[in-house]
(Lines give C-alpha, C1' and ligand atoms only; values in the text may rest on other atoms or scores of the structure.)
Protein backbone atom coordinates (compact mmCIF):
# COMPACT_ATOMS: atom_id res chain seq x y z
CA UNK A 1 0.00 0.00 0.00
CA UNK A 2 2.86 2.37 0.69
CA UNK A 3 4.11 1.84 -2.86
CA UNK A 4 0.64 2.45 -4.28
CA UNK A 5 0.28 5.73 -2.40
CA UNK A 6 3.73 6.81 -3.55
CA UNK A 7 2.74 6.09 -7.17
CA UNK A 8 -0.27 8.39 -6.73
CA UNK A 9 1.83 11.11 -5.12
CA UNK A 10 4.33 11.10 -7.99
CA UNK A 11 1.57 12.48 -10.25
CA UNK A 12 1.17 15.51 -7.99
CA UNK A 13 3.06 18.72 -7.38
CA UNK A 14 2.27 19.24 -3.68
CA UNK A 15 1.38 16.27 -1.52
CA UNK A 16 2.12 14.73 1.88
CA UNK A 17 4.69 12.19 3.03
CA UNK A 18 3.73 9.30 5.31
CA UNK A 19 6.27 7.01 6.89
CA UNK A 20 5.78 3.36 7.87
CA UNK A 21 5.23 4.22 11.54
CA UNK A 22 2.30 6.49 10.71
CA UNK A 23 0.79 3.81 8.46
CA UNK A 24 0.92 1.36 11.35
CA UNK A 25 -0.65 3.86 13.76
CA UNK A 26 -3.51 4.51 11.34
CA UNK A 27 -4.12 0.81 10.81
CA UNK A 28 -4.03 0.11 14.54
CA UNK A 29 -6.44 2.89 15.50
CA UNK A 30 -8.68 2.48 12.42
CA UNK A 31 -10.13 5.95 12.87
CA UNK A 32 -10.60 8.97 10.62
CA UNK A 33 -10.85 11.68 13.30
CA UNK A 34 -14.00 10.44 15.10
CA UNK A 35 -15.25 8.03 12.42
CA UNK A 36 -14.35 4.31 12.23
CA UNK A 37 -12.13 3.62 9.26
CA UNK A 38 -11.75 0.43 7.25
CA UNK A 39 -8.89 -0.41 4.89
CA UNK A 40 -9.44 -2.88 2.06
CA UNK A 41 -7.10 -4.17 -0.66
CA UNK A 42 -7.87 -5.45 -4.16
CA UNK A 43 -5.76 -8.22 -5.62
CA UNK A 44 -5.06 -9.35 -9.17
CA UNK A 45 -3.18 -12.57 -9.86
CA UNK A 46 -2.14 -12.79 -6.21
CA UNK A 47 -0.65 -9.29 -6.05
CA UNK A 48 -2.10 -6.17 -4.43
CA UNK A 49 -3.15 -3.87 -7.27
CA UNK A 50 -5.15 -1.34 -5.33
CA UNK A 51 -6.43 -0.33 -1.92
CA UNK A 52 -8.88 2.09 -0.36
CA UNK A 53 -9.88 3.39 3.05
CA UNK A 54 -13.56 4.03 3.66
CA UNK A 55 -15.71 5.45 6.47
CA UNK A 56 -19.25 6.78 6.94
CA UNK A 57 -20.45 10.15 8.14
CA UNK A 58 -23.94 11.39 8.90
CA UNK A 59 -25.49 14.84 9.24
CA UNK A 60 -28.98 16.28 9.56
CA UNK A 61 -30.32 18.56 6.81
CA UNK A 62 -33.79 20.05 7.37
CA UNK A 63 -34.72 17.25 9.79
CA UNK A 64 -33.47 14.59 7.36
CA UNK A 65 -30.48 12.44 8.24
CA UNK A 66 -28.07 12.26 5.29
CA UNK A 67 -25.64 9.35 5.28
CA UNK A 68 -22.45 9.61 3.22
CA UNK A 69 -19.93 6.94 2.31
CA UNK A 70 -16.49 8.57 2.39
CA UNK A 71 -13.54 7.04 0.56
CA UNK A 72 -10.77 8.83 2.43
CA UNK A 73 -7.94 7.46 0.35
CA UNK A 74 -7.51 5.18 -2.64
CA UNK A 75 -5.00 4.03 -5.22
CA UNK A 76 -5.69 1.69 -8.14
CA UNK A 77 -3.18 0.77 -10.82
CA UNK A 78 -5.56 -0.42 -13.56
CA UNK A 79 -8.93 0.36 -15.08
CA UNK A 80 -10.37 -3.04 -14.10
CA UNK A 81 -9.37 -2.64 -10.45
CA UNK A 82 -10.73 0.92 -10.27
CA UNK A 83 -14.04 -0.19 -11.81
CA UNK A 84 -14.29 -3.08 -9.35
CA UNK A 85 -13.91 -0.55 -6.55
CA UNK A 86 -16.55 1.79 -7.98
CA UNK A 87 -19.06 -1.07 -8.27
CA UNK A 88 -18.26 -2.08 -4.70
CA UNK A 89 -18.81 1.47 -3.45
CA UNK A 90 -22.14 1.66 -5.29
CA UNK A 91 -23.38 -1.68 -3.93
CA UNK A 92 -22.30 -0.87 -0.38
CA UNK A 93 -23.99 2.54 -0.55
CA UNK A 94 -27.24 0.90 -1.64
CA UNK A 95 -26.97 -1.77 1.06
CA UNK A 96 -26.51 0.80 3.84
CA UNK A 97 -28.93 3.41 2.40
CA UNK A 98 -26.14 5.92 1.92
CA UNK A 99 -27.17 8.89 -0.20
CA UNK A 100 -23.81 10.35 -1.20
CA UNK A 101 -20.44 8.89 -2.15
CA UNK A 102 -17.38 11.07 -1.56
CA UNK A 103 -14.09 10.16 -3.22
CA UNK A 104 -10.62 11.73 -2.82
CA UNK A 105 -10.58 14.95 -4.86
CA UNK A 106 -7.57 14.09 -6.96
CA UNK A 107 -8.28 14.33 -10.69
CA UNK A 108 -4.91 12.76 -11.52
CA UNK A 109 -5.83 9.44 -9.91
CA UNK A 110 -7.41 6.62 -11.89
CA UNK A 111 -10.35 6.59 -9.49
CA UNK A 112 -10.89 10.34 -9.77
CA UNK A 113 -10.76 10.27 -13.57
CA UNK A 114 -13.35 7.47 -13.78
CA UNK A 115 -15.60 9.09 -11.17
CA UNK A 116 -15.73 12.31 -13.20
CA UNK A 117 -16.33 10.28 -16.37
CA UNK A 118 -19.37 8.67 -14.71
CA UNK A 119 -20.94 11.98 -13.73
CA UNK A 120 -19.17 12.91 -10.50
CA UNK A 121 -18.52 16.54 -9.58
CA UNK A 122 -15.31 18.00 -8.20
CA UNK A 123 -15.13 19.89 -4.92
CA UNK A 124 -11.92 21.84 -4.38
CA UNK A 125 -12.18 21.58 -0.60
CA UNK A 126 -9.50 23.42 1.40
CA UNK A 127 -7.06 23.69 -1.45
CA UNK A 128 -7.29 27.48 -1.76
CA UNK A 129 -6.64 28.14 1.93
CA UNK A 130 -2.91 27.42 1.81
CA UNK A 131 -0.88 30.15 3.50
CA UNK A 132 2.90 30.43 3.20
CA UNK A 133 4.30 32.71 5.94
CA UNK A 134 7.85 32.78 4.52
CA UNK A 135 7.86 32.54 0.72
CA UNK A 136 11.62 33.01 0.41
CA UNK A 137 12.28 30.12 2.76
CA UNK A 138 9.93 27.89 0.76
CA UNK A 139 11.63 28.85 -2.51
CA UNK A 140 15.05 28.05 -1.09
CA UNK A 141 13.83 24.77 0.39
CA UNK A 142 12.57 23.68 -3.03
CA UNK A 143 15.43 25.22 -5.00
CA UNK A 144 16.73 21.86 -6.35
CA UNK A 145 13.31 21.25 -7.91
CA UNK A 146 13.56 24.44 -9.96
CA UNK A 147 17.02 23.49 -11.22
CA UNK A 148 15.71 20.05 -12.29
CA UNK A 149 12.85 21.65 -14.20
CA UNK A 150 15.33 23.48 -16.41
CA UNK A 151 17.10 20.29 -17.47
CA UNK A 152 16.08 19.07 -20.91
CA UNK A 153 14.63 22.47 -21.83
CA UNK A 154 16.13 25.39 -23.73
CA UNK A 155 16.99 26.89 -20.33
CA UNK A 156 19.41 24.10 -19.41
CA UNK A 157 22.72 25.77 -18.66
CA UNK A 158 21.03 29.15 -18.16
CA UNK A 159 23.05 32.01 -16.64
CA UNK A 160 20.76 34.90 -15.79
CA UNK A 161 19.31 36.96 -12.97
CA UNK A 162 15.61 37.77 -12.65
CA UNK A 163 13.68 39.77 -10.07
CA UNK A 164 10.13 38.87 -9.06
CA UNK A 165 8.36 41.91 -7.66
CA UNK A 166 5.35 41.12 -5.42
CA UNK A 167 4.55 44.81 -4.72
CA UNK A 168 5.56 44.17 -1.09
CA UNK A 169 9.02 42.73 -1.56
CA UNK A 170 11.30 41.49 -4.35
CA UNK A 171 12.91 38.08 -4.78
CA UNK A 172 16.18 37.77 -6.69
CA UNK A 173 16.67 34.49 -8.58
CA UNK A 174 20.18 33.95 -9.91
CA UNK A 175 20.95 31.12 -12.33
CA UNK A 176 24.48 29.98 -13.00
CA UNK A 177 25.03 27.31 -15.66
CA UNK A 178 21.49 26.02 -15.13
CA UNK A 179 21.70 25.88 -11.34
CA UNK A 180 19.57 28.16 -9.18
CA UNK A 181 21.65 29.87 -6.53
CA UNK A 182 20.23 30.75 -3.07
CA UNK A 183 17.23 33.03 -3.54
CA UNK A 184 17.38 36.44 -1.90
CA UNK A 185 14.60 38.61 -0.50
CA UNK A 186 15.91 42.08 -1.38
CA UNK A 187 12.93 43.89 0.13
CA UNK A 188 10.71 46.60 -1.27
CA UNK A 189 12.31 48.57 -4.11
CA UNK A 190 11.57 51.91 -5.80
CA UNK A 191 8.20 52.11 -7.53
CA UNK A 192 9.65 52.34 -11.03
CA UNK A 193 12.23 49.53 -10.62
CA UNK A 194 11.93 45.84 -11.48
CA UNK A 195 8.79 46.22 -13.58
CA UNK A 196 9.28 43.14 -15.78
CA UNK A 197 7.66 40.61 -13.41
CA UNK A 198 5.06 42.06 -11.04
CA UNK A 199 2.83 39.59 -9.25
CA UNK A 200 0.60 40.19 -6.19
CA UNK A 201 1.63 38.06 -3.17
CA UNK A 202 -1.33 35.66 -3.25
CA UNK A 203 -1.04 35.29 -7.01
CA UNK A 204 2.62 34.38 -6.61
CA UNK A 205 1.71 31.68 -4.06
CA UNK A 206 -0.79 30.19 -6.51
CA UNK A 207 1.83 30.27 -9.25
CA UNK A 208 4.37 28.49 -7.00
CA UNK A 209 1.84 25.80 -6.05
CA UNK A 210 0.92 25.16 -9.69
CA UNK A 211 -2.69 26.13 -9.15
CA UNK A 212 -3.05 28.40 -12.19
CA UNK A 213 -1.22 29.33 -15.39
CA UNK A 214 0.16 32.82 -15.94
CA UNK A 215 -2.74 33.67 -18.26
CA UNK A 216 -5.30 32.50 -15.70
CA UNK A 217 -3.67 34.60 -12.99
CA UNK A 218 -3.53 37.63 -15.30
CA UNK A 219 -7.25 37.25 -15.98
CA UNK A 220 -7.94 37.20 -12.25
CA UNK A 221 -5.88 40.28 -11.45
CA UNK A 222 -4.74 43.06 -13.79
CA UNK A 223 -1.77 43.69 -11.49
CA UNK A 224 -0.32 40.26 -12.37
CA UNK A 225 2.13 41.37 -15.06
CA UNK A 226 4.77 39.36 -16.92
CA UNK A 227 6.50 41.21 -19.74
CA UNK A 228 7.99 39.78 -22.91
CA UNK A 229 10.95 37.48 -22.57
CA UNK A 230 9.99 36.09 -19.15
CA UNK A 231 6.82 34.06 -19.67
CA UNK A 232 8.37 30.83 -20.94
CA UNK A 233 11.01 30.77 -18.21
CA UNK A 234 8.38 31.30 -15.50
CA UNK A 235 6.13 28.63 -17.02
CA UNK A 236 9.08 26.23 -16.92
CA UNK A 237 9.89 27.05 -13.30
CA UNK A 238 6.26 27.06 -12.13
CA UNK A 239 4.20 24.63 -14.25
CA UNK A 240 0.50 24.16 -13.61
CA UNK A 241 0.03 20.79 -11.95
CA UNK A 242 -2.49 19.08 -9.68
CA UNK A 243 -1.88 18.93 -5.92
CA UNK A 244 -3.62 16.95 -3.21
CA UNK A 245 -3.08 16.42 0.52
CA UNK A 246 -5.17 13.80 2.30
CA UNK A 247 -7.13 15.67 4.96
CA UNK A 248 -6.77 13.08 7.70
CA UNK A 249 -2.98 13.16 7.78
CA UNK A 250 -2.89 12.47 11.52
Quiz item: For segment 110-151, how many residues are at pLDDT below 85 and at negative phi?
Solution: 11
Quiz item: outside any loop (DSSP other than H, G, I, E, B), touching a residue at least 40 places away in the same chain (Cβ under 8 Å), touching a strand residue (DSSP E or B) at 6+ places or on another chain (Cβ under 8 Å) and within 23 Å of residue 134 (Cα to Cα): does that describe residue 175?
Solution: no
Quiz item: So which residues in segment 135-168 are assigned to a loop (DSSP other than H, G, I, E, B) and either more than 22 Å from residue 203 (Cβ to Cβ) or free of Cβ contacts under 8 Å to residues at least 24 places away in the same chain (or both), if there are any at all?
Solution: 142, 151, 152, 153, 154, 155, 156, 157, 158, 159
Exercise. Considering (1) surrounded by 12 or more Cβ atoms within 10 Å (Cβ to Cβ); (2) touching a residue at least 40 places away in the same chain (Cβ under 8 Å), say which one residue 182 fails and leave the rest.
Key: (1)
Quiz item: Among the strands (runs of 3 or more DSSP E) confined wholly to segment 1-98, which include 3 or more residues that are within 21 Å of the chain's Cα centre (by Cα) and in contact (Cβ under 8 Å) with a residue 60 or more places away in the chain?
Solution: 64-76
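The values are calculated or read from the model by the stated rules, or taken from the named source; none is laboratory data. Just so we're clear, the structure is a prediction, and the values are computed from it rather than from any experiment. Please note: Cβ atoms are built from the backbone with ideal geometry, for glycine as well, and neighbour counts cover all protein chains shown.
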